[in-house]
Each structure stands twice: as C-alpha cells, then as structure tokens.
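These notes are about the structure you will find just below.
The values are calculated or read from the model by the stated rules, or taken from the named source; none is laboratory data. This one's a predicted model, so the numbers in the text were calculated from it and none came from an experiment. Here the Cβ is made from the backbone with ideal geometry for all residues, glycine too, and neighbour counts use every protein chain on show. These area figures cover heavy atoms from the full protein model, side chains too; ligands, DNA and RNA do not enter into them. Shrake-Rupley method; radii C 1.70, N 1.55, O 1.52, S 1.80 Å.
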Amino acid sequence: MIEKNIILSAPLAGSFSDRLDHLYSQVREWLTATDGGAVHLLYTRAYLSDVMGQLPMLLSHPLYHQILSQGAFSYVEQPPLCGCKIALLLSLVPAEAVQPLEPTSDQLDHDGKRAFRIGDDLLLFHSVRLSDREAAGLSVKEQTERCFEHHIDWLASEGMTLRDNCLRTWLYVRDIDHHYAAVVQGRNEVFRREGLTRDTHFIASTGISGNTVSPAPIGIDFLSVKSASIRTKFLQAPDYLNPTYQYGVAFERGTSVDLHGVKRLFISGTASIDKEGKCLYIGDVRKQAERLLTNIDQLLKADGSSLDRLSYLIVYLRDLSDYSLIQHYLSERFPHLPMLITLAPVCRSQWLIECEGMAIQSTPNY
C-alpha cells in the first residue's frame, strides 16, 4: 500500500452519540486490518451537518481522543447530503513509513498543528481557526491574512516558506456569496508579500462554503512538505480551462508532487468552465458535472495520470435538490471510488457543482 484514502459515513439513524460509536468501530477495523501490513492514520477531516452542536460531542468521544487525535485533524460544517450527519475522510499510510512527531499545539484549539516524518521528509498539517480575540476588529480580508500568517510563522520556525514548501490549501468561507471577494483579496496580498506570482507559481487550493466554530468567516487548512528530493509540477490544461489569474484569483488548478517515487496529484476545486474561464451549462447540474470531470481528467493527463487513478472525490453542491441526480450519475461512473457529496455553495452562483480530489500512482521507495 502506498497511501489509501477512505470515506466513512455514519448510519442514517440513531443519536449522534450512537453514530459516533459506529464510526469508532469502523475506523478501528481499518486501522487493525492485517491485509497489506500495519497502517497509520495520517490525517482526518470531519464533515459535520451542525458544527456548533456536534463538534463538542465529537471531541469528547473516544473516536477523537483515542483514534483521530493520533493523526492530523480538521473539521468543517458541510452537511453530507446522504443524511448521515457526520462523514470522515481519512488518509492511511504504511506504519513503517511514517514517524509521528509530538504535536506542537493542542489540536482542540484554534491553531491545530501536526507534523510527521516520512524518511527524511517533514510533513506539516495545519488547521487554522481564528480565536474570538484574534478575529475581533479585523475585516474578512485581514482575517484571511492572519490565517496565512499563522502558517507562515510555523513554516519559518522549521526553515520553510509558503512559496517553497506549501503544497495545498483548503479555504472554508462562511456565507461565501458575500465574503469570498474579501478572502481572495487577503490571499492575493499574502502571495504578493511572499513572492508567489503568475511568473513563479501559486498553490493548489479549494475555496468553498463551510462553517467552523470560529467567529471569523474564514478557516484555512494547510499541507506543507520539506524534502530534498521532492519533484513538483503544476498542472495545466489550457485547451479546457484557463489560468486562474485571468479572473483575479491565485491558485493552481492542480499540483503533482513526487516524493520517493510516490506521485500524488492534488486537484483543486474544479467547476464547469471553459478555456476562457466562462461557466458552461448554466442551470444544468448534470452537464456541469460532466464538464468538470473532463477538466479534471485533462489536468491529470498533463502529468500522465487519469480519472482512473483518483483515490477519492469530494463533491460540493450549491442546491441540495440536485443530490439524487448527482449521486446516481457519479455512483454509476465511479462505482468503487470513495466519494462524499456535501452541501457547500461554490464561489460563483452559476456554478452548481464543484469537485476536488487526489490521484496516487507509482511505486513507493521508502
């Protein structure tokens, strides 16, 4: 096994505590399975339907403090549309390949950090949710900058920079229709200061609707890597979708990262657009889904991969009434792919659906 991503959903019935008990058993089964050797939990993202009510229950349950806290942990309110209340995205890696380092902060606070070593490489997972004190008096643009500054400070303490070492970000924006423009301004300002430009590179990213317990409408997750052997390629498909800077935002459509012969292709949030950045198939969620998958396939082909190599897919819908149609279409097209469909409006009102994921290929050389 190189790395395995799994998505686990709670049952559709029972109390929230009962559903956590069920997930606890499911995760334990995955971690104790002997096929392929022992595994370690690298990270978890929890998708909740009611973050204010459910997060405290999750964090006090053995599922979190006995299992999930052993890896990096993040959460967001993006209701799973299957009705399960909570779903988990987990990354499992061979136990002999990874060395967890002591947490540099309490993952229950607003600055959850976790570091790992894989060989000589250092992996940093950082989930930033501003505290009441930090968020007070700041505009959304300034709150976005502050989130990035948290990660930049941690990188600097490890001899790393945002430009050279950050591979992936997830920006969760409350009321995205009203706040996204300010978030983009904040990110653009940080990138200007840190030397990330259209002539250098940006960072693979998803900017999507999502709530946290922070009073700030923005929360950001980061993945950064320090490695002497890393090979990075920024994925483009100019005949299918345009560079993001052409409409004022700053992120890579996708990034391919080769570490010791294991290639991970991070696909940013991708929607139904053409090579000029125009939304295609306005009002038709099925055709938008088809087009965005074409776009993702072309990005993957830019580095010799394809949709068949996807290890998971997260699907964001603006309108919950589109769930049945999209669930049927995607389950037929990808019957064995770990997948989660959530209610999470995309940053443009014309986009009814957006997807992100990761492809994995090649042979490990640990």
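Miscellaneous remarks
- Net charge dipole, segment 216-366: roughly 320 debye, given to the nearest 20, about the Cα centre with Cβ charges of +1 for Lys and Arg and -1 for Asp and Glu.
- The chain - charge dipole about Cα centre, Lys and Arg +1 at Cβ, Asp and Glu -1, debye rounded to 20: 520 debye
- Heavy atoms of His150: accessible area, 1.4 Å probe, square angstrom to 10: 40 Å²
- Peptides 353-361, 127-135 ranked from most to least packed give 353-361, 127-135, packing being the mean of other C-beta atoms within 10 angstrom over each peptide's residues.
- Taking only alpha carbon atoms, the chain gives an Rg to Rh ratio of 0.93, where Rh is the Kirkwood radius.
- The mean sequence separation of alpha-carbon pairs under 8 Å and at least six residues apart, normalised by the residue count of segment 233-366, gives a relative contact order of 31 percent.
- For the chain, the carbon plus sulfur part of the accessible surface works out to 48%, probe radius 1.4 Å.
- Pairwise Cα distances in segment 197-316 exceed 26 Å for 24 percent of all pairs.
- Listed residues Gly14, Tyr24, Pro80: farthest to the positive end of the dipole of the chain (Cβ charges): Pro80
- Over segment 113-247, the hull volume per residue, using the convex hull of the C-alpha atoms, is 125 Å³.
- With a Förster radius of 41 Å applied to the beta-carbon distance between Glu158 and Thr197, the computed FRET efficiency rounds to 0.95.
- Segment 281-366 shape via C-alpha gyration tensor axes, a/c threshold 1.5: prolate
- Per residue accessible area in Å² of segment 210-347, where ligands, DNA and RNA are left out and the probe is 1.4 Å: 40 Å²
- Averaging the sequence gap over all C-alpha pairs within less than 8 Å and six or more residues apart, then dividing by the number of residues, gives the chain a relative contact order of 16 percent.
- In the chain, a dipole from Cβ-located charges (positive for Lys and Arg, negative for Asp and Glu) runs towards its positive end, and of Val184, Tyr329, Gly304 it is Gly304 whose Cα lies farthest in that direction.
- Scaled to the globular estimate 2.2 N^0.38 Å, the Cα spread of segment 3-105, given as radius of gyration, is 1.06.
- Dipole-positive endmost among Tyr47, Gln143, Ile203 within the chain (Cβ charges, Cα centre): Ile203
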